[in-house]
Amino acid sequence: MTSDALLTAAAVLDGLTDSGLRELFVCPGSRSAPFAYEAARRDGRDLSVHVRLDERSAAFHALGAARATGRPAAVVTTSGTAAGNLLPAVMEAHHAGVPLVAITADRPPELRGTGANQTTVQPGIFAGFVRVELDVVLEDSAHDPQALRELVLEALAPPRSPFSDRKGTRLRRDPCT
């Protein structure tokens, strides 16, 4: 059985592995389950998948893997406050120039920031400490897997110059990093 969420996870992981990512740290959660399923399918082939229960710990493990290998490493979390636990490692990666990717599953837009348990507005949560932010919304995404994979590749490409803008759906770039 294939869902849009699984196809999206596969396309994102395709782009990440095509960019050299080999280490993926997964924190289990219901919203991020499609990434966990796709990661498990790839474990031992094009990815080494590590499961961590604590998001902050997972983020620092990913930071260490990226620092040790010189390749991007990623951490996957579920929505809401789980994403906030990644901020210290994202800040460290930013200041050290280490390629760390944070994949935070989020609720559909109509359920964001509602005040429900463990909800928060995730877009912009890492503002000032990331070079690129992608907000992929399945409901608006007539994203075909190839286009999404290319968007991820573009996001991980070295910046052309500090003043260039990257073109893409829901793509923001901080010119200072």
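The values are calculated or read from the model by the stated rules, or taken from the named source; none is laboratory data. What you see is a predicted model; the values in this text were computed from it and never measured. So basically every Cβ, Gly included, is an ideal-geometry build from the backbone, and we count neighbours across all protein chains shown. Each accessible area value is taken on the protein alone, full model and side chains, heavy atoms only, with ligands, DNA and RNA left out. Shrake-Rupley method; radii C 1.70, N 1.55, O 1.52, S 1.80 Å.
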Regression test value, accessible area per residue of the range 1-80, probe 1.4 Å, units Å², expected 46 Å²
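Please give the per residue volume of the convex hull enclosing the alpha carbon atoms of the range 1-112, rounded to a whole number of Å³.
Details: hull volume 11.1 nm³, N = 112.
Spread over its residues, the Cα hull of the range 1-112 gives 99 Å³ apiece.
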Debye calc, one equal point scatterer per Cα of the range 1-48, no solvent, log10 I(q)/I(0) at q = 0.16, 0.23, 0.27 1/Å comes to -0.39, -0.81, -1.08
For the range 70-127, the accessible surface attributable to carbon and sulfur atoms (probe 1.4 angstrom, ligands and nucleic acids excluded) amounts in percent to 50 percent
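The range 65-145: which GluC sites (Glu not before Pro) are DSSP loop and have at most 10 other beta-carbon atoms within 10 angstrom?
Working: sites: 92, 110, 133, 139; in loops: 139.
Those that pass, being in a loop and sparsely packed, are 139.
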